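**Student:** Have a look at this one before I ask anything.
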Amino acid sequence: MSLLPRTAEEFSSAEYWERFFKKRGEKAFEWYGDYNKLCGVLHKYIKVQDKVLVVGCGNSELSEQMYDVGYKHLTNIDISETVVNHMNQRNAERRPGLTFQQMDATQTPYEEASYQAALDKGTLDAMASEEEGALARNMLTEVARVLSVGGRYVCVTLAQESVIKLAVDRFVQLGWAVRLHCLQEENRSVEDSFALPVFVLVCTKFRQPMPMPILEMCLGEDGAPTRLTQVSDLLSAVREHQAYSVLKKRLRTSTDASSNLSLTLSHTKTGLPRYTLTVQDCPPGAKVPRSNQFAIFIVPQGSETAWLYSSSEGRRQLAASANFRRLVIVAMHRNQEYTDMQDVQSELSPMVMDLAPPGMPANQQVPFLSVGGDLGWREEVSRGVSELSGEYCVENVKGEDGELYRRLVFLSNAALVQSESRLVPSNTASGHKKKSKKKAKPTTAPSTSSTSLSVDSGFLCCAHHEVMVAGLTMLGVGTPQNKDVPVSVLLVGLGGGGLPQFLRDFVPNVTVEVVELDPVVMQVANEWFGFRPDDRLTVTLGDGLERICALEKEGGRLFDVIMFDVDNKDSTVGMSCPPAAFVETSILQKVRSLLTPRGIFTLNLVCRDSVLRKSVLERVSAVFPTIISRKIEGEVNEVLLCSHGENGTSKAATILPSLNQAGKSLQSALCSNRTGPKSSPHIDIAELLKDLKIE
């Protein structure tokens, strides 16, 4: 529409508005909504008997409609002489008491405290871009001067951040109360509506300035106010409402199977995140029944980090399986209580249609889907803060297999499980528990209390840990010729301690040194994951790189296996494991120098950047000619098993056929070497040795 301002500067130009209103003529331009949209909030804050100054009235019908319903004390001012003349002529006979005056809103002749309300519809937005906001600040100062104690400045605005910050900062400085309403769109065509929501800023003047800022946010004209402590919190709330409005319009006007639009819904009173919704559309041309337009899938608590729900590819697979035109995948947050599926459905239902695909009838039923109708179960058992890794929590969850698990999660990356162990009743032999593929019947919570649960040391929850153990076949562990041969392991990265304890408990003649940077992780492993070091399993607290450098400098001590299983805290890099410094050539050469002649280097690599992955592989292969890799199904992880023997490719080709037999020997050795009174390893070496690839 050519009549809309092309730049923000034009908003505040008197010449622009002169041209605008001449071109617009008789047709009223209701810039930010008409009287019907605004009357609820206007009547809430402006009394009929109030003397009202309408700032920047334009040719809007708002003042006329307010006059017609009883507001007889309206003074309308505008910078445009054209519009003032036009409005006076239009109302001379029908509304003789309604006056319009050509005037600069920054300099008015009115006496101090002469008005009970000032009404502004879009004028602040227009003026805020002029002279770096100086014009708008001058107008607000003038408004504050002419308003009496208890008077209100009521401003209809699109709440651009710089604009709303300018106004709120000014009135907070004056000690006024500030309340902001976000008006909900009702019965409006998405195609015809603004993408951004309309806000109404209400600032109330007190006799004595308030010592502490009063900042409130309301949803709708009658929504209960949410008290905020800082201006930045108010601005953040505005951004969230604006982003949601833009998202709604995008979703109601288009579909995109390649996009992963998501939004977080927070608790109204606490402001804490409660739900995260991710929208997954079916690809164009997919054969979807006409009745399958839209559905909501509730992810069981504790399963939100699973590949099916947390990855783009997994969500696409889930949507294809559900076979709906649009599937909204809902994850529930920690530290929130959810009663049952019906409660969740009732909570989400009011806003479901905001996310519906284009053309879907408003009265169509939207099904809620889940795994077995169950919300899952989660229990937080500990929370703390690490100086190195930030806030963390330890939680018990019920997996979709019906088993109970304990997890360590750093909340800076809450979608990633740092460590995980399976739980069993303390008086139950872990060796008698098998991996279950069968879905358990839904339960609200486990019958066994968390205090009577213990970690199953024979169960490795992480598939890459299982592959790292299976890699010991390259050493011939368990074969007759290696019987009673010691195995020394250096592992960088402790986590919950599941991998090093498994090695200590089940690998014959092994000694393990773990290097862990964060002492809090060590404490958590001891307290919550049953980690118990001894003379065969020791922990060195410190930097893994420094430890490797120190060992090389000391000389004399070699390892049969060096394992890197350490995450990267820098989320800006496309490699989340390990940190980039761990795969620099100089460090890889030091690792090689610390290996025995038969030794292997085992690397857990998590790299989403294909170019970066190629660079890492080139550096590793330059130091270790033999590299065998194993991708972890449904995850980004891959494990590299690296040997420093010569003729790498040909050697790897001869190794692969021999690994199956070595795998049987390792499986037998692990089962016969169990040290726990009733434990046994849950690991299938033969299965893990499938799909190995020579790099």
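**Student:** Calculated FRET efficiency, D34 and S291, Cβ-Cβ r, R0 41 Å, to nearest 0.05?
**Tutor:** Approximately 0.60, to the nearest 0.05.
**Student:** Right, next: Quick one: if the Förster radius is 25 Å, what FRET efficiency do D401 and N660 give, using the C-beta to C-beta distance and rounding to 0.05?
**Tutor:** Values: r = 28 Å, r/R0 = 1.12.
After rounding, the FRET efficiency stands at 0.35.
**Student:** Let me ask something else. Classify the stretch 295-383 as rounded, prolate or oblate from the Cα gyration tensor: take a ≥ b ≥ c as the square roots of its eigenvalues, call it rounded if a/c is under 1.5, otherwise prolate when a/b beats b/c and oblate if not. Walk me through the numbers before you get to the answer.
**Tutor:** On the way: a/c = 2.31, a/b = 1.40, b/c = 1.65.
Oblate shape, in that a/c is at least 1.5 and b/c is the bigger or equal ratio.
**Student:** Roughly what angle does helix 312-322 make with the longest principal axis of the chain, taking Cα atoms, 0 to 90 degrees, to the nearest 10?
**Tutor:** So the helix axis and the longest Cα principal axis differ by about 80 degrees.
**Student:** For L416 paired with E161, estimate the spin-label separation in nm (one decimal), with each label point 7 Å from Cα along the Cα-to-Cβ line.
**Tutor:** 2.6
**Student:** Sticking with this one: When the chain is fully extended, how far beyond the present Cα-Cα distance does S262 get from V69, taking 0.36 nm per residue of separation?
**Tutor:** On the way: separation 193, 0.36 × 193 = 69.48 nm, distance 4.36 nm.
Separation in residues times 0.36 nm, less the Cα-Cα distance, equals 65.1 nm.
**Student:** Taking the Cα atoms only, what angle lies between the long axis of helix 648-672 and the longest principal axis of the chain, rounded to 10 degrees?
**Tutor:** Taking the Cα atoms of the chain, the angle to 648-672 is about 80 degrees.
**Student:** Could you order peptides 124-133, 313-322, 220-229 by the average number of other Cβ atoms within 10 Å of their residues, highest first?
**Tutor:** Ranked from most to least packed, the peptides come out as 124-133, 313-322, 220-229.
**Student:** Run the helix sum for the chain: -39,500 (n - 2.57) per DSSP H stretch of 4+ residues, divided by residue count, reported at 222 nm to the nearest 500 deg cm²/dmol.
**Tutor:** Details: 20 runs with 216 residues, N = 695.
Estimated from H runs of four or more residues: -9500 deg cm²/dmol.
**Student:** Sticking with this one: Relative to the present Cα-Cα distance, how much length would full extension add between R239 and L388 at 0.36 nm per residue of separation? Working shown, then result.
**Tutor:** Details: separation 149, 0.36 × 149 = 53.64 nm, distance 3.08 nm.
Value of the extension gain: 50.6 nm.
**Student:** Here is a further query. Along the positive direction of the dipole of the chain (beta-carbon charges: Lys, Arg +1; Asp, Glu -1; about the Cα centre), which of V54, F100, G390 reaches farthest?
**Tutor:** The residue sitting most towards the positive pole is G390.
**Student:** To continue, here is another question. Rg and Dmax of the stretch 96-253, Cα atoms, in Å?
**Tutor:** For the stretch 96-253, the Cα-based Rg and Dmax read 16.4, 51 Å.
**Student:** OK, next. Compute the signed sum of charges (Lys and Arg +1, Asp and Glu -1) over the other residues within less than 15 Å, Cβ to Cβ, of A144.
**Tutor:** With Lys, Arg at +1 and Asp, Glu at -1, the neighbours total +1.
**Student:** From the Cα gyration tensor of the stretch 495-610, with a ≥ b ≥ c the square roots of its eigenvalues, which class applies: rounded if a/c is under 1.5, or else prolate if a/b is larger than b/c, or else oblate?
**Tutor:** The shape class here is oblate.
**Student:** What shape does the stretch 223-273 have by the C-alpha gyration tensor, where a ≥ b ≥ c are the square roots of the eigenvalues, rounded means a/c under 1.5, and otherwise prolate means a/b greater than b/c and oblate the rest?
**Tutor:** Prolate, since a/c reaches 1.5 and a/b exceeds b/c.
**Student:** How much net charge surrounds H464 when only other residues with a Cβ under 9 Å from its Cβ are counted (Lys, Arg +1; Asp, Glu -1)?
**Tutor:** It works out to a net charge of -3.
**Student:** Using DSSP, restrict attention to beta bridges with both residues in the chain and report what percent are antiparallel, rounded to the nearest 5. Intermediate results must be reported in sequence, preceding the final value.
**Tutor:** On the way: 67 of 120 bridges.
Approximately 55 percent, going by the DSSP bridge assignments.
**Student:** Can you give me the Cα centroid spacing of the stretch 297-358 and the stretch 449-493 in angstrom?
**Tutor:** One Cα centre to the other: 36 Å.
**Student:** Using a 1.4 angstrom probe on heavy atoms only, work out the carbon and sulfur share of the accessible area of the stretch 559-630 in %.
**Tutor:** The value for the stretch 559-630 is 53 percent carbon and sulfur by accessible area.
**Student:** Where Lys and Arg each count +1 and Asp and Glu each count -1, what net charge lies around V385 among other residues with Cβ under 14 Å from its Cβ?
**Tutor:** -2
**Student:** Okay, next question. With +1 on each Lys and Arg Cβ and -1 on each Asp and Glu Cβ, how big is the dipole of the chain about its Cα centre, in debye rounded to the nearest 20?
**Tutor:** That gives the chain a dipole magnitude of about 1660 debye.
**Student:** Here's another thing I want to ask about it. Starting from the residue with the highest accessible area, list R334, R239 in decreasing order, probe 1.4 Å.
**Tutor:** R239, R334
**Student:** Give the peptides 523-534, 604-615 in descending order of average Cβ contacts within 10 Å, highest first.
**Tutor:** In decreasing order of mean packing, 523-534, 604-615 become 523-534, 604-615.
**Student:** Greater than 26 Å separation of Cα atoms is the criterion. Which listed pairs, K72/K205; K37/K72; K590/K690; K47/K121; K569/K614, meet it?
**Tutor:** K590/K690, as the Cα separations exceed 26 Å there.
**Student:** Report in % the part of the accessible area of the stretch 63-214 that belongs to carbon and sulfur, leaving out ligands and nucleic acids; probe 1.4 Å.
**Tutor:** The value for the stretch 63-214 is 47 percent carbon and sulfur by accessible area.
**Student:** Just order 628-637, 340-349 by mean Cβ neighbour count inside 10 Å, highest at the front, would you?
**Tutor:** In decreasing order of mean packing, 628-637, 340-349 become 628-637, 340-349.
**Student:** Among Y244, P283, T255, flag the residue with its Cα farthest along the positive direction of the charge dipole of the chain, charges on Cβ as +1 for Lys/Arg and -1 for Asp/Glu.
**Tutor:** Most positive-ward Cα: P283.
**Student:** Could you pull out which residues in the stretch 360-396 have an amide N less than 16 Å from a spot 7 Å beyond the Cα of Q345, following the Cα-Cβ vector?
**Tutor:** The answer is 364-376, whose backbone nitrogens lie closer than 16 Å to the label point.
**Student:** Here's another thing I want to ask about it. Taking the Cα atoms only, what angle lies between the long axis of helix 161-174 and the longest principal axis of the chain, rounded to 10 degrees?
**Tutor:** For 161-174 against the chain, the angle is about 70 degrees.
**Student:** Figure the gain on full extension for S232 and V636 (residue separation times 0.36 nm, minus the Cα-Cα span) and round it to one decimal in nm.
**Tutor:** Details: separation 404, 0.36 × 404 = 145.44 nm, distance 3.71 nm.
Computed gain between S232 and V636 is 141.7 nm.
**Student:** Here's something else I'd like to know. Just one of [x] 1.30; [y] 1.11; [z] 1.01 is Rg/Rh (Cα atoms, Kirkwood Rh) as worked out from the coordinates here. Which one is it?
**Tutor:** Of the labelled values, this structure produces [y].
The values are calculated or read from the model by the stated rules, or taken from the named source; none is laboratory data. If you're wondering where the values come from, they're calculated on a predicted model, not measured in any experiment. Don't worry about glycine lacking a Cβ; one is built from the backbone with ideal geometry, like all the others, and counts go over all protein chains shown. The area values use the complete protein model at the heavy-atom level, side chains included, leaving out ligands, DNA and RNA. Shrake-Rupley method; radii C 1.70, N 1.55, O 1.52, S 1.80 Å.
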